Amino acid sequence: MAAVLSPFLVAGAAAQDRPAIILVPGAFHQPLVFDKIIPILREANYKDIYAIDLPSVGEVVGRDRDVAAVRSVLDKELGKGHNVLLVGNSYGGTVIGEAVKGLKSLASKKGSNVYDRPSVRSIVSRKDKARGKILGLVFFAGYLPYIQHVQNPQSKPDVRNISPPYFDFSVPGKVTTFGQGKAATINAYYNDLSADEQERYVGKLPFSSFDSLNATATYIPYTGDFACTYVIGKRDNAVPEAFAQTYITQGGAQFKTEYIDAGHVPFIGKPSESVALIRKAAGENI
Ligand SMILES: *[C@@H]1O[C@H](CO)[C@@H](O)[C@H](O)[C@H]1NC(C)=O
C-alpha cells in the first residue's frame, strides 16, 4: 500500500517544502520586471513570493533603506519558520548580499548534514532551530561589491568613475540611464526583447538615488557563508560575461555559475528559463 503513492499526495508534500522567494530588482527598475515569473512560480507551488519595491528607485534615500526593505520581509519569513531564497538582479544583488549580514547561522547546510552532528547541534541555538533557513542567494547579472572594497573601504571608487557612459549624474542626488538617449538604455538593458517590449520597459525607469549606488558594502555573502549562484546572461550588455567573471574569479569567491540566453533582465525575455534556475537554487531537482 505505502508504495502506491498518489501523485496528488506527492505534489502536496512537495508544496509544503517550497521556500519563500524574495525578488529584488536592479537600480532604476521596479518590481514589475517580475510580473511574468511570479505566476510561473505560483504554478510550481511557490506561495510566498515577495517582489521588493526598492525605496532608492524614484526617491533620494541611502542604500540602508533598500537593505531594510529586504531584511524586514526576510526576518518575517524566517520567524515563521519558512526557508527563504533571495534573488537579486544587478544592483539588487548588492542589496540581498547586505540583507543577510549577521544571519550566517541560518544558512542552509544542505548536503553536509552539519546540523545532524551532535557537536555542531549543541552550538545551534534553540531560537535558530525554530527559524527558517536561508537556502541561498541567486544573482542574476549581479552587480556586486568586490571583496577588497569591503576589506578596505577606502579603496572603493566613486560610482561616477566606474559607471557606463549612459549613466547621467547631472542632477545632484539622482542617477538616470538616459545620458546617451533612449536607444543606448535599450541596448544596455533590453537588447534581447522585442521592439514592443523595449518601448514598454524603457518607459518605466525612474531615477535611482545616487547615495544608494555609491554606498560601500559592509559584508560579502559569497565567500562560503551562503550558497550563492551567479547567473550570467549570455546577451547581457550591462554586465557582460567578462565583467561578471571579475566577481566570480576573485580569490575566495565561491559561486555556482549558471548561464541564461538572455540580456540584463532575464525575467522579461526568458521567464520560464529564469524560473527553472530559481527552482534549482531552491533545491528542486529539475
Ligand atoms: C562616493 O563614494 C566615494 C568612495 O566611497 C566617496 O569618496 C565619495 O565621497 C562619495 N561621493 C558622494 C558624493 O557621496
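The values are calculated or read from the model by the stated rules, or taken from the named source; none is laboratory data. The structure presented is a predicted model; accordingly, all values stated were derived computationally and were not measured. Positions of Cβ are backbone-derived with ideal geometry, glycine not excepted, and every protein chain shown enters the neighbour counts. Just the protein is used for accessible areas: all its heavy atoms, side chains included, with ligands, DNA and RNA removed. Shrake-Rupley method; radii C 1.70, N 1.55, O 1.52, S 1.80 Å.
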Residue 274, sole failed condition from (1) surrounded by 18 or more Cβ atoms within 10 Å (Cβ to Cβ); (2) within 30 Å of residue 161 (Cβ to Cβ); (3) not hydrophobic (A, V, I, L, M, F, W, C): (2)
Lone unmet requirement of (1) under 24 Å from residue 173 (Cβ atoms); (2) in a loop (DSSP other than H, G, I, E, B) for residue 93: (2)
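Are there any helices (runs of 4 or more DSSP H) wholly within segment 155-274 with 1 or more residues that are basic (Lys, Arg) and within 16 Å of the ligand (Cβ to nearest atom), and if so which?
On the way: elements: 159-162, 182-189, 195-202, 210-214, 241-248, 266-269.
Where helices (runs of 4 or more DSSP H) fall fully within segment 155-274 and carry at least 1 residues being basic (Lys, Arg) and within 16 Å of the ligand (Cβ to nearest atom), they are 159-162.
Can you tell me how many residues in segment 18-45 are without any contact (Cβ under 8 Å) to a residue 60 or more places away in the chain and more than 30 Å from residue 172 (Cβ to Cβ)? Please lay out each step first, then the result.
Just the residues of segment 18-45 that are without any contact (Cβ under 8 Å) to a residue 60 or more places away in the chain, to begin with: 31, 35, 38-39, 42-43, 45.
Filter once more, so that each one left must be more than 30 Å from residue 172 (Cβ to Cβ): 35, 38-39, 42-43, 45.
Residues meeting the conditions: 6.
So, in segment 131-154, exactly how many residues are more than 30 Å from residue 106 (Cβ to Cβ) and in a strand (DSSP E or B)?
Final tally of qualifying residues: 0.
Before we move on, is residue 198 farther than 17 Å from residue 89 by Cα, modelled with pLDDT of 95 or more and either surrounded by 19 or more Cβ atoms within 10 Å (Cβ to Cβ) or out of contact with any strand residue (DSSP E or B) (no Cβ under 7 Å at 6 or more places or on another chain) (or both)? Don't jump to the end; show me each part of the working.
Numbers: farther than 17 Å from residue 89 by Cα: yes; modelled with pLDDT of 95 or more: yes; either surrounded by 19 or more Cβ atoms within 10 Å (Cβ to Cβ) or out of contact with any strand residue (DSSP E or B) (no Cβ under 7 Å at 6 or more places or on another chain) (or both): yes.
Yes; evaluated as a whole, the condition is true for this residue.
Looking at 115, 146 in this structure, which one is at pLDDT below 70 and out of contact with any strand residue (DSSP E or B) (no Cβ under 7 Å at 6 or more places or on another chain)? First the steps, then the outcome.
Working: 146 fails: at pLDDT below 70.
Unique residue meeting the criteria: 115.
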Close pairs (7 angstrom Cβ cut-off, 6 or more residues apart or separate chains): open to solvent by less than 80 Å² (accessible area, probe 1.4 Å) in segment 155-184, in a loop (DSSP other than H, G, I, E, B) and within 14 Å of the ligand (Cβ to nearest atom) anywhere: 156/216; 173/60; 174/60; 175/167; 175/169; 177/167; 179/167
Matching option when the condition is of a type in the set (Phe, Trp, Tyr) and either closer than 24 Å to residue 58 by Cα or open to solvent by 30 Å² or more (accessible area, probe 1.4 Å) (or both), among 243, 226: 243
